[in-house]
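So the structure is just underneath, and the comments pick up after that.
The values are calculated or read from the model by the stated rules, or taken from the named source; none is laboratory data. As the structure is a prediction and not an experimental result, all values here were calculated from the model. Using ideal geometry, Cβ is built from the backbone for each residue, glycine included, and neighbour counts are taken over all protein chains shown. Each accessible area value is taken on the protein alone, full model and side chains, heavy atoms only, with ligands, DNA and RNA left out. Shrake-Rupley method; radii C 1.70, N 1.55, O 1.52, S 1.80 Å.
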Amino acid sequence: MTTPSANLQEIVEYRGVEGLVAAEVTNDDNNTGYVTGQVFAIAGVAEISKTTDSSNEAHYYDNIPAVVVSNTSSDTVTISVSAIPFDVLAMITGQNYDETTGALIEGPRDLKYFAIGYKTKKTNGDEVFVWRYKGTFNIPDQTNGTENDSTDANGQELTYTGISTTHKFTKTGKGAKALVVDTSKGLADVSDFFENVTTPDTLTGNTAYTLSITQATDTTVTVTRNGTALSSGANIYQGDVLTISVTGGTVTVDGSSFISGDMHVVNGNVSVVSTAS
C-alpha cells in the first residue's frame with residue numbers, strides 16, 4: 001500500500017457521468033467463481049449518487065473506550081435516468097416482457113443480481129471508470145403529467161442496492177463491492193473496460209512507453225496530455241491523447257506528418273521530430 005504524497009494535490013471536483021451499463025451476475029461463489037452475462041445499456045443517465053451504510057462504535061473496558069468496532073453494510077446507489085426501455089426494465093427488475101407485443105407485464109418478481117458500470121469525469125478532464133459488482137434494482141417510480149406549454153418532462157429513478165461478492169478475488173483475497181479506476185496516472189489498461197465486467201483479477205496495468213522529442217535549432221515543440229506539458233523521456237501510455245504543436249518548422253510523429261495542434265493517440269513508443277523551415 002503506497003502512502004499518498006504530503007504535498008497538496010490538484011484540487012478538482014466531479015462533473016459528468018455517462019455510459020450506464022449492466023450485466024447479470026450468473027454465478028458468485030468461491031468454487032466456480034464470479035461470472036456475468038453480456039453487458040447491455042440501461043438508459044441515458046443524468047446523475048448517480050452513492051451512500052454506504054456504515055457505523056463505528058466504541059466498546060468500553062476498565063472504564064475507558066478500548067476498542068472501536070466497525071461495520072460496513074450495503075451501498076445504496078440512486079440513479080436518475082431517462083425512460084427505460086420496457087425490455088431492459090423487465091430484465092433488471094425480474095419482471096416479464098412479451099417480445100411479440102412489446103408489452104411489459106408487471107407482476108411478481110424473480111430476484112436477479114446485476115453488476116453496473118459507468119464513467120464519471122473530473123473538472124480537469126480525467127475520467128474515472130467504475131464497475132459495481134453485485135446488487136439488485138428496485139421497481140422505479142414513474143410520474144406522467146399532462147403536456148402544457150412548458151418544457152416539463154419526467155425520467156425515472158432507479159435504486160440499486162449493492163453488496164459484496166461472495167467470491168474472493170485472487171488479488172485481494174476478499175470479496176469486492178466495486179472497482180473504481182482513476183485514469184489520470186495512465187496506469188490501468190481501460191481500453192476494453194466495459195466490453196465485459198472488469199474485476200480486480202482481470203484489470204491489467206498499462207504498458208509504459210517513452211516520449212522522445214527531437215527538435216531542430218530554430219523550432220519549438222510542445223507536447224501536452226490533458227493540458228499538462230510533457231518533456232522528452234516522460235512515460236506515456238497506450239490510449240493517451242497527445243496534442244502536439246510546433247513553431248518554426250514541421251513535425252513528424254512516428255513517421256506521419258502533423259500540423260500544429262493535431263492529436264496523436266498513443267499506440268506505442270512515440271518519437272516527435274521537428275524540422276526547421
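What to note about this one:
- Selection within the stretch 121-144: residues that are among the β-branched types (Val, Ile, Thr) and part of a loop (DSSP other than H, G, I, E, B). The member of this set that is surrounded by the fewest Cβ atoms within 10 Å (Cβ to Cβ) is THR143.
- Scanning the stretch 211-258 for residues that are within 26 Å of SER191 (Cβ to Cβ), of a type outside the set (A, V, I, L, M, F, W, C) and touching a residue at least 60 places away in the same chain (Cβ under 8 Å) yields SER212, ASN226, GLY227.
- Flag if TYR118 is aromatic (Phe, Trp, Tyr), farther than 20 Å from GLY175 by Cα and buried (at least 17 other Cβ atoms within 10 Å of the Cβ): yes
- Note on the stretch 22-52: residues that are assigned to a strand (DSSP E or B), on the phi < 0 side of the Ramachandran plot and either in contact with a Cys (Cβ under 9 Å, 6 or more places away or on another chain) or not β-branched (Val, Ile, Thr) (or both) total 13.
- Strands (runs of 3 or more DSSP E) contained in the stretch 159-277 and holding at least 3 residues closer than 27 Å to TYR14 by Cα and open to solvent by less than 70 Å² (accessible area, probe 1.4 Å): 178-182, 220-225, 241-247
- Filter pass, TYR97 being in contact (Cβ under 8 Å) with a residue 60 or more places away in the chain, surrounded by 14 or more Cβ atoms within 10 Å (Cβ to Cβ) and aromatic (Phe, Trp, Tyr): no
- First in the stretch 9-23 and touching a residue at least 40 places away in the same chain (Cβ under 8 Å), second anywhere and open to solvent by 100 Å² or more (accessible area, probe 1.4 Å), Cβ under 7 Å, 6 or more apart: VAL17/GLU47; ALA23/GLN38
- Which listed residue, of GLY173, GLY155, is modelled with pLDDT of 90 or more, over 30 Å from ARG225 (Cβ atoms) and of a type in the set (Gly, Ala, Ser): GLY173
- Residue selection: SER55 satisfies the criterion of being part of a strand (DSSP E or B), at pLDDT below 85 and either surrounded by 14 or more Cβ atoms within 10 Å (Cβ to Cβ) or small (Gly, Ala, Ser) (or both).
- Flag if THR32 is closer than 25 Å to TYR160 by Cβ, without any contact (Cβ under 8 Å) to a residue 40 or more places away in the chain and surrounded by 11 or more Cβ atoms within 10 Å (Cβ to Cβ): no
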